[in-house]
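Have a look at the structure below before the remarks.
The values are calculated or read from the model by the stated rules, or taken from the named source; none is laboratory data. Treat the numbers as computed from the prediction; the structure is a model and nothing was measured. FYI the Cβ positions are ideal-geometry reconstructions off the backbone, even for glycines, and counts take in every protein chain you see.
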Amino acid sequence: MLNHKAEDLLFRALVSELAADAKTNRMKKFIQHSNKTTYDHCMDVARHSYYLARRLHLQVDEKALVRGAFLHDYYLYDWHDYGDHLHGYHHPDRAVANARRDFDLTPKEIGIIRSHMWPLTLTKVPSSKEAVVVCIIDKVCSLRETLDRKSL
């Protein structure tokens, strides 16, 4: 088993290219929940997904897990001002379209992004362990961010 420092280094290596890209840095302009930016939310989901998979000793494609998690909300607009009350249903498709336009994605990464809002998006069921992990962790992070806002 790796120590925490080695795991941190591996995580940073997996996320570094996307995290430093000017295109993904546009997510820093948009608030996700409370005062957390979409960029920070996606980084949290990627980090927690990675560590959960490791702690549970899941045999996953860590690169696909981290990339899919980091790009899961790559829709690039302020959903608070978007005017679409169905944002929760629509944004996975927008995130997939934007991510496919800007990055080379594997089918697994596309599946992670597309299904992260399940069960809200009933027909987009997670089809890999990686997608299930990201789906669960996204709910946990979103809930924590929303509750943090209410305690302000």
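Quick notes on this one:
The rows are residues; the columns are (1) modelled with pLDDT of 95 or more; (2) in a helix (DSSP H, G or I); (3) within 14 Å of GLU145 (Cα to Cα).
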| position | (1), (2), (3) |
| --- | --- |
| GLU7 | no, yes, no |
| ALA22 | yes, no, no |
| MET43 | yes, yes, yes |
| ALA46 | yes, yes, no |
| ALA53 | yes, yes, no |
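- LEU120 meets the stated requirement of being out of contact with any Leu (no Cβ under 9 Å at 6 or more places or on another chain) and outside any helix (DSSP H, G or I).
- Candidate set: segment 31-41, residues that are outside any loop (DSSP other than H, G, I, E, B) and over 14 Å from VAL134 (Cα atoms); chosen: the one modelled with the lowest pLDDT: HIS33
- Failed item in (1) free of Cβ contacts under 8 Å to residues at least 40 places away in the same chain; (2) not in a helix (DSSP H, G or I), with GLN59 passing the rest: (1)
- Top-ranked residue in segment 95-152 [being basic (Lys, Arg) and either buried (at least 22 other Cβ atoms within 10 Å of the Cβ) or modelled with pLDDT of 95 or more (or both); ranked as nearest to THR37 (Cα to Cα)]: LYS139
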